[in-house]
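Reading through the C-alpha cells given below for one structure.
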Amino acid sequence: MSTENAGAAARDGESRRGGPADSPFVRACRREPTPHTPVWFMRQAGRSLPEYREIRANVGMLDSCRRPELVAEITLQPVRRHGVDAAILFSDIVVPVAAAGVDLDIVPGTGPVVAQPVRTAEDVQRIRPITRDDVSYVDEAVRLLVTELGDTPLIGFAGAPFTLASYLVEGGPSRTHAKTKALMYGQPELWHALCARLAEVTLSFLTVQIEAGVSAVQLFDSWAGALSEADYRRYVLPHSAYVLAGLAHAGVPRIHFGVGTGELLTAMGEAGADVVGVDWRTPLDVATRRIGPDKAVQGNLDPTVLLAPWSVVETEVRRIVEQGRAAPGHVFNLGHGVLPETDPDVLTRVVALVHEVSARHAG
Ligand SMILES: Cc1c2[nH]c(c1CCC(=O)O)Cc1[nH]c(c(CCC(=O)O)c1C)Cc1[nH]c(c(CCC(=O)O)c1C)Cc1[nH]c(c(C)c1CCC(=O)O)C2
C-alpha cells in the first residue's frame, strides 16, 4: 500500500525490499519469522528520560503535542538511546478530543482534566467530528518522523471509546469509573451515542496518522479491565470494533491494548486486532490460548520489575521471551507504561537482552 516504505522509498527514489514494513516489529505483528523478538516500551518517550524532562521544562503537555518539531525530537529520543525496534508518536489520547472541541488540559502528576464533564445529550453533540486540518500538527509530525526514522517503524495511536469516555464523564482520572458506569447502565442510549461520537473521532485521528505514514497503530483501551466480559461485549466492543474495522483496508497492523484485561483477551481480539496487548497478570502462553492462533501478542513485563535488581529483571525478561514462543508472533513490551522513576539504563539493557536471548534461539 502507498504508506509502506514511504521514508525509505523517498530517500532511495525507488521502492525496495526492507524499510519499516519489513522490520522485525511489523513482521512479528504479521506473525512472520523475525531475526529476533522486537521490543519497544509503552511510554518510552517520557519522564524516565532526562533529555525529555529538559526539552519539556517550559512547555505544557498539550502544547508540546502540537509542535511537530518537538514531537519529532521527543519521539526519536528513546530510539536513539535504547535502540528499540519501533518508535511511538509522542502525543496523548486526549489530543483528538481537544481537537474535537472539548475543553480540557493535561495536569502534571494527575492526567487529563475536563472543564465541563459530559453528562447530557447536548454535551455529546458538542463533540465535533475532526478532519485532517484539525490535527495538521500530527500529520506534519508523522511525515517528519517517517523520513527521519528510515527503516524503524513508527507506531501511531489513539484512545479507545471506553477509556476516552471515562475521562470525559468523570472529568478526570478515576479509580472506580463510577460515574462512567452509572451512565452506561442507567442511560444506555446516551452511552452509545457518546461512544459512537468518540469512535468517529478516533477513526479519523488514526486515519490521518496512517495516511501520513505510520507503520502500525495501537488502540489504547487502558481502563477496559474495569468491566466484566459480558458488559464489555455489550457496551464497548461494538464501538472499538467500528474503529478497528474502519482501518482494515489500510493494511497496517492494529494493536489493541488494555490493563487488567485477562478476562477480556478473547473479546479484545475479536474486536478486530492483529495484535493483542497483555498486561503482566496473564502469562503469554495462557494469553495465547485465549486469543487464538490468528493473532500476535504484545507484552508483558511488569513495569515495577524494572525497579528491582538486574538479576530479577533478567530472569523475568528470559521467562517472557520463552513464554512468548507459544504465540504465533510476539512483540516484547511492558504490561503498561514505563514508570517515571525507571532508570533509563535498565531499559537499554532490556532491549539488548531481549535481542540477545531471542536471536540465540532463532531458527
Ligand atoms: C490513559 C492514557 C493517557 N495517555 C495515554 C494513555 C494510554 C496509555 C496508558 O494507559 O498509559 C497515552 C499516551 N500518553 C503519552 C504517550 C506517548 C507515547 C509513549 O511514549 O508511549 C502515550 C501513548 C504521553 C504522555 N501523557 C502524559 C505524560 C506525562 C506528562 C508530562 O510529561 O508532563 C506523557 C509523557 C500525561 C497523561 N496522559 C494520560 C495520563 C494517565 C497521564 C499521566 C499523568 C501523570 O502522571 O502526569 C492519559
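For ASP85, state whether it is surrounded by 23 or more Cβ atoms within 10 Å (Cβ to Cβ) and assigned to a loop (DSSP other than H, G, I, E, B).
Answer is yes for this residue.
Filter region 92-112 for residues that are within 10 Å of the ligand (Cβ to nearest atom) and not in a loop (DSSP other than H, G, I, E, B) and give the result.
Step one: of region 92-112, the residues within 10 Å of the ligand (Cβ to nearest atom) are 92-95, 106-112.
VAL95, ILE106, VAL107, GLY111, PRO112 - these are the residues of region 92-112 that are within 10 Å of the ligand (Cβ to nearest atom) and not in a loop (DSSP other than H, G, I, E, B).
For region 49-62, check the following and say yes or no: at least one residue is under 16 Å from the mean Cα position of the chain (by Cα) and open to solvent by less than 50 Å² (accessible area, probe 1.4 Å).
Checking region 49-62: not a single residue is under 16 Å from the mean Cα position of the chain (by Cα) and open to solvent by less than 50 Å² (accessible area, probe 1.4 Å).
Select from region 281-290 the residues that are more than 19 Å from PHE25 (Cα to Cα) and β-branched (Val, Ile, Thr) and write down the one among them that is farthest from the chain's Cα centre (by Cα). I'd like the intermediate steps shown before the answer.
Let us first name the residues in region 281-290 that are more than 19 Å from PHE25 (Cα to Cα), namely 281-283, 285-287, 289-290.
So of that shortlist, the ones also β-branched (Val, Ile, Thr) come out as 282, 286.
On the way: THR282: 19, VAL286: 22 Å.
Among those residues, the one meeting the criterion is VAL286.
Of the numbered conditions (1) within 15 Å of the ligand (Cβ to nearest atom); (2) open to solvent by 20 Å² or more (accessible area, probe 1.4 Å), ARG119 satisfies every one except a single condition; which is it?
(1)
Please work out which residue is farthest from VAL142 (Cα to Cα), limiting yourself to region 47-75 and to residues that are in a helix (DSSP H, G or I) and within 9 Å of the ligand (Cβ to nearest atom).
ARG53
Please state which of the following conditions GLU148 fails to meet, knowing it meets all the rest: (1) among the acidic types (Asp, Glu); (2) surrounded by fewer than 18 Cβ atoms within 10 Å (Cβ to Cβ); (3) without any contact (Cβ under 8 Å) to a residue 60 or more places away in the chain.
(3)
May I ask you to list pairs of residues, at least six apart or on different chains, whose Cβ atoms are under 7 Å apart, with the first in region 87-115 being acidic (Asp, Glu) and the second being buried (at least 23 other Cβ atoms within 10 Å of the Cβ)?
Correct list of pairs: ASP92/CYS65.
Going through SER166, SER204 one at a time, which residue ends up being under 22 Å from the mean Cα position of the chain (by Cα), surrounded by 15 or more Cβ atoms within 10 Å (Cβ to Cβ), within 19 Å of ALA98 (Cα to Cα) and within 16 Å of the ligand (Cβ to nearest atom)? Outline the logic, then answer.
Working: SER204 fails: within 16 Å of the ligand (Cβ to nearest atom).
Being under 22 Å from the mean Cα position of the chain (by Cα), surrounded by 15 or more Cβ atoms within 10 Å (Cβ to Cβ), within 19 Å of ALA98 (Cα to Cα) and within 16 Å of the ligand (Cβ to nearest atom) holds for just one of SER166, SER204, which is SER166.
Using the structure shown, decide if SER240 is open to solvent by 10 Å² or more (accessible area, probe 1.4 Å), within 16 Å of the ligand (Cβ to nearest atom) and either hydroxyl-bearing (Ser, Thr, Tyr) or not in a helix (DSSP H, G or I) (or both). Talk me through it step by step, then tell me what you get.
Values: open to solvent by 10 Å² or more (accessible area, probe 1.4 Å): no; within 16 Å of the ligand (Cβ to nearest atom): yes; either hydroxyl-bearing (Ser, Thr, Tyr) or not in a helix (DSSP H, G or I) (or both): yes.
Answer is no for this residue.
Pull up region 207-237, narrow it to residues that are of a type in the set (Gly, Ala, Ser), closer than 16 Å to ILE255 by Cβ and touching a Pro at 6+ places or on another chain (Cβ under 9 Å), then point me to the one that is most open to solvent (accessible area, probe 1.4 Å).
Filtering region 207-237 for residues that are of a type in the set (Gly, Ala, Ser), closer than 16 Å to ILE255 by Cβ and touching a Pro at 6+ places or on another chain (Cβ under 9 Å), the one most open to solvent (accessible area, probe 1.4 Å) comes out as SER215.
Taking the conditions exactly as written (assigned to a loop (DSSP other than H, G, I, E, B), within 20 Å of PHE220 (Cβ to Cβ) and open to solvent by 10 Å² or more (accessible area, probe 1.4 Å)), does PHE41 satisfy them or not?
No; evaluated as a whole, the condition is false for this residue.
The values are calculated or read from the model by the stated rules, or taken from the named source; none is laboratory data. All figures in this text were calculated on a predicted structure; none of them were measured in a lab. Because the Cβ atoms are built from the backbone with ideal geometry, glycine has one as well, and the counts that use them run over all protein chains shown. Accessible surface areas use protein heavy atoms only, side chains included; no ligands, DNA or RNA. Shrake-Rupley method; radii C 1.70, N 1.55, O 1.52, S 1.80 Å.
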